[in-house]
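Engineer: There's a structure below that I have some questions on.
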Amino acid sequence: MSLLSELINLNLSDSTEKIIAEYIWVGGSGIDIRSKGRTLSGPVSDPSKLPKWNYDGSSTGQAPGEDSEVILYPQAIFKDPFRRGNNILVICDTYTPAGEPIPTNKRCKAAKIFSHPDAVAEVPWYGLEQEYTLLQKDVKWPLGWPIGGYPGPQGPYYCGAGVDKAFGRDIVDAHYKACLYAGINISGINGEVMPGQWEFQVGPSVGISSGDELWAARYILERITEVAGVVLSFDPKPIQGDWNGAGAHTNYSTKSMRSEGGYEVIKKAIEKLGLRHKEHIAAYGEGNERRLTGRHETADINTFKWGVANRGASIRVGRDTEKEGKGYFEDRRPASNMDPYVVTSMIAETTILWKP
């Protein structure tokens, strides 16, 4: 082991009670993840016990240079799989010095929706399916693809195994284990239809925690691909042509949907989602029109339809849910680059709080 590796893997608890907290926040683009570390006097497990911090918002596209200070409010804590020991990752949201959420802070509004008494009573569960594409660093072309060329057509890659079918599995498995170590409720992984594309699932998670967990999982994946020298892309259609895009299918249920008679509640919720289709599409990710074409397991972006076991629908209901008369449904419209705070809270707002 090299000296550098030994130093990186030093166990701080052997010599000090101090820990390192990596503060993480969403940058100005709405999909870039920023972070910086600070020393704390000892272990912390409650976000409310962590100090607020600040950063230069003019360097992240979130504040002007003449008034650049943005304040970080710690909101969720995860174990740090990179530094290990008592060191932590801290999911934060962002405010002005006066305490107002800045425009790119989507968590604040989501938290208000989830704290509404009607939403609290329904205990909304989410299962988020995050698809992503691994790209070769210097050419920004999918991992495993010949440079300037294309692999064989789609078919053998989905959940495939073998050197000619699965590209980047070491990254995927490292991410899977790192998320479990961190305390993220990651529930699975799989290879996707397009080679070089993968998926991980987070959930079931309740309310605002689903967004916190997905952002933490995205951050960990960014760090792992950084070490591996691979570029991580959340573009919803990274390769044009006869190749699947990348989405973030959102599985959802409420207490009423999970109870007897829940199937009727599900159908009413889907009807409400249909009435606000355009509003949801506008908030479901940038570039989604390149993905939602009516082909490659999607519904056309301008069309709202639902069906049982139909992967060409906007909303898919599972066979088990139909059979049992209760359960959950899947919103297949969100793009891979969606903000989970926006998508999860908007679904709750439309199906629980909104009165058409």
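The values are calculated or read from the model by the stated rules, or taken from the named source; none is laboratory data. Given the structure is predicted, the values throughout are model-derived calculations rather than measurements. FYI the Cβ positions are ideal-geometry reconstructions off the backbone, even for glycines, and counts take in every protein chain you see. These area figures cover heavy atoms from the full protein model, side chains too; ligands, DNA and RNA do not enter into them. Shrake-Rupley method; radii C 1.70, N 1.55, O 1.52, S 1.80 Å.
Engineer: Compute the separation of the alpha-carbon centres of the range 313-329 and the range 153-228 and state it in Å as a whole number.
Structural biologist: The range 313-329 and the range 153-228 have Cα centres separated by 25 Å.
Engineer: While we're on this one: Could you tell me what percent of the accessible area of the chain is made up of carbon and sulfur, with a 1.4 Å probe and every protein chain present? It would help to have the intermediate numbers written out before the result.
Structural biologist: Details: 8400 of 16280 Å².
Here it works out to 52 percent.
Engineer: For the range 294-356, restrict the atom set to alpha-carbon positions and state the Rg and Dmax in Å.
Structural biologist: Rg, Dmax (Cα atoms, Å): 12.8, 34.
Engineer: Taking a quarter of the surface of the convex hull around the Cα atoms of the range 1-103, what do you get in nm²? Provide the component values of the computation, followed by the final result.
Structural biologist: Numbers: hull surface 31.4 nm².
Averaging across all directions leaves 7.9 nm² for the Cα convex hull.
Engineer: Follow-up. What is the chain by shape, rounded, prolate or oblate, if you read a ≥ b ≥ c off the alpha carbon gyration tensor as root eigenvalues and call it rounded for a/c under 1.5, prolate for a/b larger than b/c, and oblate otherwise? Before the final figure, lay out the partial values.
Structural biologist: Working: a/c = 1.66, a/b = 1.19, b/c = 1.40.
Oblate is the answer for the chain, as a/c is 1.5 or above yet b/c matches or exceeds a/b.
Engineer: Which translational diffusion coefficient, to the nearest whole µm²/s, is obtained for the range 260-321 from the Stokes-Einstein equation, given a Kirkwood hydrodynamic radius over C-alpha pairs, 4 °C and 1.567 mPa s?
Structural biologist: The calculation lands on 104 µm²/s.
Engineer: Across the range 223-351, how many lysine pairs, 8 or more apart or on two chains, come within less than 21 Å at their alpha-carbon atoms?
Structural biologist: For the range 223-351, qualifying lysine pairs total 19.
Engineer: Here's something else I'd like to know. Work out the length of the dipole vector of the range 29-85 about its Cα centre, built from +1 on the beta-carbon of each Lys and Arg and -1 on the beta-carbon of each Asp and Glu, and round it to the nearest 20 debye. Intermediate results must be reported in sequence, preceding the final value.
Structural biologist: Values: 8 positive and 7 negative charges, 100 e Å.
In total the dipole reaches around 480 debye.
Engineer: Could you do me a favour and compute the accessible area per residue for the chain, 1.4 Å probe, result in Å²? Don't skip to the end; give the middle numbers.
Structural biologist: Details: 16280 Å² over 356 residues.
Averaged over the residues of the chain, the accessible area is 46 Å².
Engineer: Pick out, in residue order, every one of the GluC sites (Glu not before Pro) in the range 1-37 that is DSSP loop and has at most 13 other C-beta atoms within 10 Å; say none if there are none. The partial results should precede the final answer.
Structural biologist: Details: sites: 6, 17, 22; in loops: 17.
Answer by residue number: 17.
Engineer: Any idea what diffusion coefficient the range 101-198 gets from Stokes-Einstein, in µm²/s, Kirkwood Rh on alpha carbon pairs, 37 °C, 0.692 mPa s? Walk me through the numbers on the way to the answer.
Structural biologist: Values: Rh = 16.5 Å.
Stokes-Einstein gives a translational diffusion coefficient of 199 µm²/s.
Engineer: Given the peptides 24-36, 82-94, arrange them by the average over their residues of other C-beta atoms within 10 Å, most packed first.
Structural biologist: On the way: 24-36: 18.0, 82-94: 21.8.
In decreasing order of mean packing, 24-36, 82-94 become 82-94, 24-36.
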